[in-house]
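Novice: Dropping the structure in here first, questions after.
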Amino acid sequence: MSHQNKTVTEQVQEVAQNTWDATKNTAANATESVQNMFSAGQEKAEDTADKAGRAVKPESEKTVGDKAKDTWDATKNSAQNASDKASEQMDKAGRAVKPESEKTIGDKAKDTWDATKDAAANVTESVQNMFSAGQEKAEDTADKAGRAVKPESEKTIGDKAKDTWDATKNSAQNASDKASEQMDKAGRAVKPESQKTMGDKAKDTWDATKNSAQNASDAVQSKVQETQKAAQSKTS
């Protein structure tokens with residue numbers, strides 16, 4: 001039946017039906033969208049709960065499925081972190097070449113945040129290095145102390161190699177210290193008294209004291225040697 005042959009009543013009924021169909025479709029789409037949203041939220045909540053459960057579960061009690069999920073989580077996190085880092089680096093590079101006059105408040109805030117993060121990272125790295133160096137030194141000292149009291153007959157090839165390395169390092173350090181001391185002494189010797197610091201004067205006093213003690217020791221040793229020679233010549 002063509003449109004022309006329809007009565008006015010039939011035409012009104014057709015428009016009403018089409019409107020109702022459109023309304024139903026719109027409502028159905030809206031309902032489906034809300035259901036999908038709730039479903040996604042529920043899945044996320046279940047996933048979070050599952051992840052939390054696996055986090056506190058002892059490794060020995062984990063099933064093959066648990067371990068597979070742990071691996072998948074780690075892979076996703078790694079990929080997400082890489083993606084975030086790449087985006088951050090691209091944004092940073094873009095801001096680096098942008099003239100200051102064109103930067104938005106957001107750009108400037110990010111620049112400030114980057115500078116703060118970099119400074120904090122440098123401090124953290126410095127502290128970590130310091131602790132790491134301290135730990136290595138403590139372990140080295142403990143190892144050295146252990147070797148010092150170990151009988152020679154019980155020492156391994158590794159122990160002996162470490163003893164040799166310690167002796168070499170000590171010798172080199174002593175030579176370096178002595179060279180530095182001699183250079184410092186020579187520098188103070190030619191420095192006018194008026195330009196000497198309190199530290200310089202304290203070092204001069206210490207040098208004089210050491211020299212005096214050394215001279216006294218040399219004199220005693222010389223006297224002992226003379227006495228020994230005289231005693232030997234009398235008995236011969």
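The values are calculated or read from the model by the stated rules, or taken from the named source; none is laboratory data. A quick note: this is a predicted structure, and the numbers were derived from the prediction, not measured. Here Cβ is always computed from backbone atoms with ideal geometry, including for glycine, and neighbour counts include all displayed protein chains. Note: accessible area is taken over every heavy atom of the protein model, side chains too, but ligands, DNA and RNA are not part of it. Shrake-Rupley method; radii C 1.70, N 1.55, O 1.52, S 1.80 Å.
Novice: Looking at Phe38, Thr23, Thr75, which one has the Cα that reaches farthest to the positive end of the dipole of region 1-110 (charges on Cβ: Lys, Arg +1; Asp, Glu -1)?
Specialist: Checked the options; the winner is Thr75.
Novice: Return the tail of the calculated pair distribution for region 68-119, meaning the percent of Cα-Cα pairs more than 13 Å apart.
Specialist: 67
Novice: With only Lys, Arg, Asp and Glu charged, each at its Cβ (+1 for the first two, -1 for the last two), find how big the charge dipole of region 130-213 is about the Cα centre; round to the nearest 20 debye.
Specialist: In debye, rounded to 20, region 130-213 gives about 260.
Novice: How large, in percent, is the carbon and sulfur part of the accessible surface of region 97-236 at a probe radius of 1.4 Å?
Specialist: Details: 6630 of 11220 Å².
Whole-percent figure for carbon plus sulfur exposure: 59.
Novice: Among the trypsin sites (Lys or Arg not before Pro) in region 6-50, which ones are in a DSSP loop with at most 15 other Cβ atoms within 10 Å of the Cβ? Mind listing them?
Specialist: Answer in residue order: Lys6.
Novice: In region 102-182, what trypsin sites (Lys or Arg not before Pro) fall in a loop by DSSP, with at most 15 other Cβ atoms inside 10 Å?
Specialist: Lys103, Lys155
Novice: Would you mind checking Lys169/Lys191; Lys169/Lys203; Lys137/Lys185; Lys57/Lys85; Lys144/Lys169 for any pair whose Cα atoms are more than 21 angstrom apart?
Specialist: On the way: Lys169/Lys191 33 Å; Lys169/Lys203 26 Å; Lys137/Lys185 31 Å; Lys57/Lys85 31 Å; Lys144/Lys169 13 Å.
Among Lys169/Lys191; Lys169/Lys203; Lys137/Lys185; Lys57/Lys85; Lys144/Lys169, the Cα-Cα distance tops 21 Å for Lys169/Lys191; Lys169/Lys203; Lys137/Lys185; Lys57/Lys85.
Novice: Taking Cα atoms, how many degrees apart are the long axis of helix 64-96 and the longest axis of the chain, rounded to 10 and kept between 0 and 90?
Specialist: Approximately 80 degrees, to the nearest 10.
Novice: Identify which of Gln11, Gln195, Gln80 has the largest mean-square fluctuation in a Gaussian network model of the chain, with springs joining Cα atoms closer than 10 Å.
Specialist: Residue with maximal mean-square fluctuation among Gln11, Gln195, Gln80: Gln11.
Novice: Computed over the Cα atoms of region 1-141, what is the ratio Rg over Rh, Rh following Kirkwood?
Specialist: On the way: Rg = 30.4 Å, Rh = 23.0 Å.
A ratio of 1.32.
Novice: Considering only protein heavy atoms, what per residue accessible area in square angstrom results for the chain with a 1.4 angstrom probe?
Specialist: 80
Novice: Same structure, new question: Each label point is 7 Å from the Cα along the Cα-to-Cβ direction; what then is the distance between the points at Glu100 and Val56, in nm?
Specialist: 5.3
Novice: Right, next: Evaluate 2.2 N^0.38 Å with N set to the residue count of region 42-98, then give the Cα radius of gyration divided by it.
Specialist: Taking N as the residue count of region 42-98, the ratio is 1.65.
Novice: Next up: For region 100-203, how big is the tail of P(r) above 15 Å, as a whole percent of Cα pairs?
Specialist: Tail of the P(r) past 15 Å holds 80 percent of the pairs.
Novice: On to the next question. Taking the Cα atoms only, what angle lies between the long axis of helix 8-56 and the longest principal axis of the chain, rounded to 10 degrees?
Specialist: 20
Novice: Using only Cα atoms, find the angle between the long axis of helix 105-148 and the longest principal axis of the chain, and express it within 0 to 90 degrees, rounded to the nearest 10.
Specialist: With rounding to tens, the tilt is 40 degrees.
Novice: Charges at C-beta only: +1 for Lys and Arg, -1 for Asp and Glu. How large is the resulting dipole of region 1-154 about its Cα centre, in Debye rounded to 20? Numbers along the way, then the final one.
Specialist: Details: 22 positive and 29 negative charges, 34 e Å.
Around 160 debye, computed over region 1-154.
Novice: For region 79-159, with only Lys/Arg (+1) and Asp/Glu (-1) charged at the beta-carbon, what is the dipole magnitude about the Cα centre, in debye rounded to 20?
Specialist: Approximately 140 debye in magnitude.
Novice: Provide, as a two-decimal number, the C-alpha radius of gyration of the chain over 2.2 N^0.38 Å, N being how many residues it has.
Specialist: This ratio for the chain stands at 2.43.
Novice: Computed FRET efficiency, Cβ-Cβ of Ala115 and Gln80, R0 35 Å: what is it to the nearest 0.05? Spell out each step's value before the answer.
Specialist: Numbers: r = 25 Å, r/R0 = 0.72.
My answer for the efficiency is 0.90.
Novice: In the chain, with Lys and Arg counted as +1 and Asp and Glu as -1 at Cβ, which of these residues, Val123, Ala138, Val190, has the Cα nearest the positive end of the dipole, that is, farthest along it?
Specialist: Result: Val190.
Novice: Is the shape of region 66-153 rounded, prolate or oblate, going by the alpha carbon gyration tensor and its root eigenvalues a ≥ b ≥ c, with a/c under 1.5 for rounded and a/b larger than b/c for prolate?
Specialist: The shape class here is oblate.
Novice: Over all distinct Cα pairs, what is the inverse of the mean 1/r for region 13-72, reported as the Kirkwood hydrodynamic radius in Å?
Specialist: Final number for the Kirkwood radius of region 13-72 is 15.0 Å.
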